[in-house]
Amino acid sequence: MAGRAPAPRSRPRRGRGRFAIVAARFNEPIVKQLVDGALAAFAAAGVGASAVDLQWVPGSFELPLAAHTLARSGRYAGIACVGCVIKGETPHFDFVAGQAAAGIREASLATGIPITFGVITSLTEAQAWARAGGDVGNRGAEAAEAALEMAEFMKARAPRGRR
């Protein structure tokens, strides 16, 4: 994503269920900015703080399992995953970033709960900060907005009796 994410097409209605944020502690100062962005996006959509749960995990590699576990609980309309993986001198970045993305996708598909990808994957720390509330936006806010929009999408298409 070269710039800011597109604005949501629709705003979810107030009080549309519970949401979760799963946050990776690795690169924690940057990830805290993503969490703040996600919380602000939920609040702007009318989702009260008491309807948003925050769960920290060790790193981005652990995001999919935590998100899958939360999704299976049946308590959440959507889950935003946030983390930060910065490329270093080894191929570790490629494995962690790729597996986090694939695992988050798989968890969402397996559970039918929208689980969104707010993991910064950058070449430098400066690029990460730019995507954590800097010039390029806040990937945490974007992940929360995507979770809200997809929760509305799923609710509108749920069979009668499951809405």
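Every number in this text was worked out from the coordinates using simple rules, so none of it is lab data. Since this is a predicted model, take the numbers as computed values, not measurements. Ideal geometry is used to build each Cβ from the backbone, glycine not excepted, and the neighbour counts take in all protein chains shown.
Tell me the volume per residue, in Å³, of the convex hull enclosing the alpha carbons of the chain.
101
Who wins for biggest fluctuation among 28, 89, 106 in a Gaussian network model of the chain, springs between alpha carbons below 10 Å?
In this elastic network of the chain, the residue with the biggest mean-square fluctuation among 28, 89, 106 is 89.
Tell me which residues come under 5 Å, amide H to amide H, from residue 119 once H is placed; ignore anything under 5 positions away on its chain.
Correct list: 83.
Please list, in order along the stretch 94-102, the HN-Hα scalar couplings obtained from phi with the Karplus expression 6.51 cos²θ - 1.76 cosθ + 1.60 (θ = phi - 60°), rounded to whole Hz, x for Gly and Pro.
Listing the rounded values in order: 4, 5, 5, 4, x, 6, 5, 5, 5 Hz.
With each pseudo-label sitting 7 Å past Cα toward Cβ, what's the residue 25-residue 99 distance in nm, one decimal?
For the pair residue 25/residue 99, the computed spacing is 1.9 nm.
Only bridges whose two residues both fall in the chain count here: according to DSSP, what percent of them are antiparallel, nearest 5?
Details: 2 of 21 bridges.
Of the beta bridges lying entirely in the chain, close to 10 percent run antiparallel.
State to the nearest 20 debye the size of the charge dipole of the stretch 19-156 about its Cα centre, where the only charges are +1 on K and R beta carbons and -1 on D and E beta carbons.
The dipole magnitude comes to about 280 debye.
Over what distance in Å are the Cα centres of the stretch 40-85 and the stretch 135-158 separated?
The stretch 40-85 and the stretch 135-158 have Cα centres separated by 12 Å.
On full extension of the chain, what length is gained from residue 50 through residue 109, given 0.36 nm per residue of separation minus the C-alpha to C-alpha distance?
Stretched out fully, the residue 50 to residue 109 stretch lengthens by 18.6 nm.
Work out from phi, with θ = phi - 60° and the Karplus expression 6.51 cos²θ - 1.76 cosθ + 1.60, the ³J(HN,Hα) of each residue of the stretch 108-113, listed in order in whole Hz, and give x for Gly and Pro.
5, 5, 5, 9, x, 9
Read phi for every residue in the stretch 135-149 and hand back ³J(HN,Hα) as whole Hz from Karplus 6.51 cos²θ - 1.76 cosθ + 1.60, θ = phi - 60°, with x for Gly and Pro.
Karplus values, whole Hz, x for Gly and Pro: 4, 9, x, 10, 5, x, 4, 5, 5, 5, 4, 5, 5, 4, 5.
Would you work out which of 122, 98, 57 lies farthest towards the positive end of the dipole of the stretch 19-156, given +1 charges on the beta-carbon of Lys and Arg and -1 on that of Asp and Glu, about the Cα centre?
The listed residue farthest towards the positive side: 57.
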